[in-house]
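Peer 1: Okay, handing you the structure first.
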Amino acid sequence: MDIVSLLLEEIEISRHFQTQIFYIFMLFFTVFAIYLSIRFKLFKFSMSLWLSVAIIGFIWEALLFFFGLRHYSFFATAELMYHVITEGGPGLIIMAIFADKFGIIDLSEYKEER
């Protein structure tokens, strides 16, 4: 198989709500991200990151769903919103906090005073 055929081959990815631990893990990952944002006094900054990623995620998931490229096995609207809320934002928040902690970036001007 050449590279062009490999890149253009259609694949189907499916998740089943009842059997996937992914959804439960992402719930705990989201709670952990919120905890870190509060602990490191970056809650407002984190929520703005989360909102921007959620908007991008919503557009992506909605387009996939409406064009028939994404199928949900539970309640479609709830599952779509769960994807939007848990998939991109928490990882970005945790990444930004750890990058700040290890000195890769400086988020001191975004920290809240308490």
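Peer 1: Take Trp50 and tell me if it is farther than 28 Å from Tyr110 by Cα, out of contact with any strand residue (DSSP E or B) (no Cβ under 9 Å at 6 or more places or on another chain) and at pLDDT 85 or above.
Peer 2: The answer is no for Trp50.
Peer 1: With the requirement that a residue be surrounded by 19 or more Cβ atoms within 10 Å (Cβ to Cβ) and assigned to a loop (DSSP other than H, G, I, E, B), what does the range 32-49 give you?
Peer 2: Phe40, Leu42
Peer 1: Still on this structure, please answer the following. For a quick check of your reading of the model, give me the residue pairs whose first member lies in the range 65-85 and is more than 17 Å from Ala54 (Cβ to Cβ), whose second is part of a loop (DSSP other than H, G, I, E, B) and among the basic types (Lys, Arg), with beta-carbon atoms closer than 8 Å and at least 6 apart or on different chains.
Peer 2: Pairs that qualify, where the first residue is more than 17 Å from Ala54 (Cβ to Cβ) and the partner is part of a loop (DSSP other than H, G, I, E, B) and among the basic types (Lys, Arg), are Ser73/Arg15.
Peer 1: Another question, then. Scan the range 68-112 residue by residue and report those that are surrounded by fewer than 17 Cβ atoms within 10 Å (Cβ to Cβ), on the phi < 0 side of the Ramachandran plot and modelled with pLDDT under 85.
Peer 2: Leu69, His71, Ser73, Phe74, Phe75, Ala76, Thr77, Ala78, listed by residue number.
Peer 1: Let me ask something additional. Only residues in the range 1-28 that are surrounded by 10 or more Cβ atoms within 10 Å (Cβ to Cβ) and part of a helix (DSSP H, G or I) count as the first member; pair them with residues that are modelled with pLDDT under 75 and among the aromatic types (Phe, Trp, Tyr), Cβ under 8 angstrom, at least 6 apart or cross-chain, and list the lot.
Peer 2: So the pair list comes out as Tyr23/Phe17.
Peer 1: Taking the residues in the range 69-95 that are touching a helix residue (DSSP H, G or I) at 6+ places or on another chain (Cβ under 9 Å) and among the polar types (S, T, N, Q) as candidates, determine which candidate is farthest from Glu9 (Cα to Cα).
Peer 2: The extreme case among them is Thr86.
The values are calculated or read from the model by the stated rules, or taken from the named source; none is laboratory data. No experiment lies behind these values; they were computed from the predicted model shown. Cβ: placed from backbone, ideal geometry, glycine included. Neighbour counts: every protein chain shown.
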